[in-house]
Amino acid sequence: MKQYFTFTDLLIATVIVIICAIGLKTTASTDSAEKIIIETDGKIYASYNLKSLGKEARDIEINTKYGKNILRIDCEGADMIYSDCLNQIDVRHKKITKSGEIIVCAPHRLTVYISGSGEADAVSR
Amino acid sequence: MKAKFVKLGMFTALAMALQWAETLIPVGFSVPGGKLGLANIITMIVMQLFGGRSALAVTVIRCLLSAFLYGGVMSLPYSLAGGIMSLALMKLVLKLHGASLTGAAIAGAFAHNFGQVLVSCIIMQNIYIINYLWVLGFVSVGAGAFTGICASLCLKKISLNKGG
């Protein structure tokens, strides 16, 4: 019977942790957050300029052929507060505030992300 | 031959039950989308007892049945991509010198996340989704270690009761 945790296993775990750490570091954007972009099926559904949004939160209802979501937005960022999807992963996601952060509702093919200055649409394709 | 099919069917049912039972665990990981991947314990057991092809069959059938039972057909591409990627990498890792099921499970859990994130990127055409992978990657190390050790322990019990 093989051991339960070998040196090779430790190496594998370490490699994965390093890959993820590098990934986190390189994708962390230094851009200042500029826009909230809502996309369904890969097409832009709506976008909001953070500067034009007040401190008071607004609820945006997103209705697609897949279902309904409610997104709460203010000048800091966006938070999914309701979804009629099955897994509710998007609702459990924390509020996004930084450029490059994203909330995904896979069953509804919906993504909400924050774009920074300049890089917005070139990256999302 | 018949006995093998009966056993594979039972393992598939067990994997589906575990997949459902997993949803009862209150969200232990604070990472959205993170889960233990208990069904992978069964995939690993089948892989070790009956080989890769049988494990592939069990995984694909489980994905198909679960999609209709709990996830909705929309979830099928995600679970298939995750399941197949994970099985392929686990098979590969076990060929490495000195790797045990635990290492295979850790790599498999990461491959599962990778497959799902990749499919999400393609379906939703948004490369930012890759940011989910890094956080889920950390979870996969813990979850993989857990399921790998579970599978090893189960296999030890099963090999003691051979012929049963």
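The values are calculated or read from the model by the stated rules, or taken from the named source; none is laboratory data. The shown structure was predicted, so the numbers you read here are calculated from the model rather than taken from an experiment. When we count neighbours, we look across all protein chains shown, and the Cβ atoms used for this are built from the backbone with ideal geometry, even at glycine.
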- Give the stretch A:49-70 a look and list any residue that's farther than 18 Å from B:Y132 by Cβ and surrounded by 13 or more Cβ atoms within 10 Å (Cβ to Cβ), or say none. A:L50, A:L53, A:A57, A:I60, A:I62, A:T64, A:Y66, A:G67, A:K68, A:I70
- Item | Any hit, the stretch A:41-58, residues being in contact (Cβ under 8 Å) with a residue 40 or more places away in the chain and charged (D, E, K, R) | yes
- Top-ranked residue of the stretch B:137-164 - restricted to ones that are out of contact with any Gly (no Cβ under 6 Å at 6 or more places or on another chain) and within 19 Å of B:V31 (Cα to Cα), ranked as surrounded by the fewest Cβ atoms within 10 Å (Cβ to Cβ): B:G142
- Message: Within the stretch B:153-164, does at least one residue satisfy the condition of being in contact with a strand residue (DSSP E or B) (Cβ under 7 Å, 6 or more places away or on another chain) and either more than 27 Å from B:K4 (Cα to Cα) or outside any helix (DSSP H, G or I) (or both)?
- Response: no
- Item | Among the candidates B:A21, B:A17, B:A3, residue that is at pLDDT 85 or above, of a type outside the set (F, W, Y) and within 18 Å of B:I158 (Cα to Cα) | B:A3
- Task: Just give me the residues in the stretch B:30-57 being of a type in the set (G, A, S), in contact (Cβ under 8 Å) with a residue 12 or more places away in the chain and farther than 24 Å from A:D90 by Cα, in sequence order.
- Result: B:G52, B:S54, B:A55, B:A57
- Which residues, counting only those in the stretch B:112-131, are in contact (Cβ under 8 Å) with a residue 40 or more places away in the chain, crowded, with 22+ Cβ neighbours inside 10 Å and within 7 Å of chain A (Cβ to nearest Cβ)? B:S120
- Query: Which number in (1) of a type in the set (S, T, N, Q); (2) touching a residue at least 24 places away in the same chain (Cβ under 8 Å); (3) over 30 Å from B:P26 (Cβ atoms) marks the one condition that A:S83 misses?
  - Reply: (3)
- Inspect all residues belonging to the stretch B:22-29 and state whether any of them is touching a residue at least 24 places away in the same chain (Cβ under 8 Å), under 27 Å from A:H93 (Cβ atoms) and not β-branched (V, I, T). yes
- So is B:V31 facing another protein chain (nearest Cβ under 10 Å), over 13 Å from the mean Cα position of the chain (by Cα) and buried (at least 20 other Cβ atoms within 10 Å of the Cβ) or not? no
- Note on the structure: For the stretch B:67-100, the count of residues that are aliphatic (A, V, I, L, M), at the interface with chain A (Cβ under 7 Å from one of its Cβ atoms) and not in a loop (DSSP other than H, G, I, E, B) equals 2
